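**Q** Can you keep this structure in mind? I'll have questions shortly.
Read-outs: derived from the displayed coordinates by stated rules, not from any lab. These figures come from a predicted structure and were not determined experimentally. Backbone-built Cβ (ideal geometry, glycine too); neighbour counts: all protein chains shown.
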Amino acid sequence: MSREYVGVLIGRQDLGETDRVLRFLTPDAGRLSVVARGARRSRSPFASADLGIRARITVEEGPWELQRLQGLEVEEARVGLRADLDRLYGMLHICECVAALSREQVAEPRLYGLLEMALLLLEHGEGDAGPTFYRAFEAKALSFAGLTPMLVTCPICRQILQDPLVWVEGTGAAHRACTEGETLSLAWVDAVEAGRRQPLKEVFGRPLPPGPWDVLIRMIEAQLGRPLGSRLAGPSVLG
Ligand SMILES: [Zn+2]
């Protein structure tokens, strides 16, 4: 029996000599990992399935552990994201974060909406996406996964945050008087929390007060159990 889905390609992994596992995020079926047989052969219709595309896919369901991809029709190629290295890295980052925070075959309509909006803005927004865009995206994605970073009250004393602050790994910001950690400012914390609560399109290009660029990325990496590949882009693109 076969089923059709629409999804965004958020991950690719080689399998054996010629096959590839493609990971899609779909609105209703969550993350879907399918085997694209022969996808590493240049003549395969699946060879050009690039990260970030939205495609209509036909999947063959069977007794196999992983479902098999039968057909793929690209709905949105996002060519504008592939012409600019910064945007390409941004797209890789967004796809990797979503792959890390989604669950196999658990519906993720809000995460799917966030993914589509982030890719749309990255492709068509004017100028650089900027640090508030990436921190707001990461904080929203963490929140949808039930891992909302604490950016309003101190996790130790439960009082409202006030400078001086430190970062508590995997949790959020805390008073320096309450615990130890990397120093950060209330201005940064407030700006990230405001971005988390606002529509993503409103924070595109918005500057961010100085602060740590990868504390939210580390929270996502903790879910994945390894560093994100997009980390290589560094703070000049994602910071
Ligand atoms: Zn405190």
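**Q** Could you tell me the calculated FRET efficiency between Ala222 and Met1, based on Cβ-Cβ distance and R0 = 35 angstrom, to the nearest 0.05? Walk me through the numbers before you get to the answer.
**A** Details: r = 38 Å, r/R0 = 1.08.
For Ala222 and Met1, the calculated efficiency is 0.40.
**Q** Positive end of the charge dipole of the chain (Lys, Arg +1 and Asp, Glu -1 on Cβ, about the Cα centre): tell me which of Ala139, Pro207, Pro27 has its Cα farthest that way.
**A** Pro27
**Q** Given the range 101-200, what percent of its DSSP beta bridges are antiparallel, to the nearest 5?
**A** Given both bridge residues lie in the range 101-200, the antiparallel proportion sits at roughly 90 percent.
**Q** Only Lys, Arg, Asp and Glu count, each charged at its Cβ (+1, +1, -1, -1), so figure out the dipole size of the range 1-148 about its Cα centre, rounded to 20 debye.
**A** Values: 19 positive and 22 negative charges, 50 e Å.
Computed about the Cα centre, the dipole is about 240 debye.
**Q** Treating only the Cβ of Lys, Arg, Asp and Glu as charged (+1, +1, -1, -1), what charge dipole size does the range 2-77 show about its Cα centre? Round to the nearest 20 debye.
**A** Values: 12 positive and 12 negative charges, 41 e Å.
Roughly 200 debye for the range 2-77.
**Q** I've got another one for you. Using a simple spin-label model with points 7 Å from Cα along the Cα→Cβ vector, what separation in nm is obtained for Asp190 and Cys178?
**A** 1.8
**Q** In addition: Taking each pair of different alpha-carbon atoms in the range 119-239 once, compute 1/r for the pair, average those values, and report the inverse of that mean as the Kirkwood hydrodynamic radius in Å to one decimal.
**A** Computed over Cα pairs of the range 119-239, the Kirkwood hydrodynamic radius comes out at 14.7 Å.
**Q** GluC sites (Glu not before Pro) within the range 129-198: which are DSSP loop residues with at most 16 other Cβ atoms inside 10 Å?
**A** Within the range 129-198, the qualifying GluC sites (Glu not before Pro) (loop, at most 16 other Cβ atoms within 10 Å) are Glu169, Glu180.
**Q** Okay, next question. Evaluate the relative contact order of the range 2-77 (contact order divided by residue number), counting alpha-carbon pairs under 8 angstrom at least 6 apart; express in whole percent.
**A** In percent, rounded to a whole number, it is 32.
**Q** Give me Rg over Rh for the chain, both radii from the alpha carbons and Rh done the Kirkwood way, two decimal places. All intermediate terms of the calculation are to be shown ahead of the outcome.
**A** Details: Rg = 19.1 Å, Rh = 18.8 Å.
When Rh is taken as the Kirkwood radius, the ratio is 1.02.
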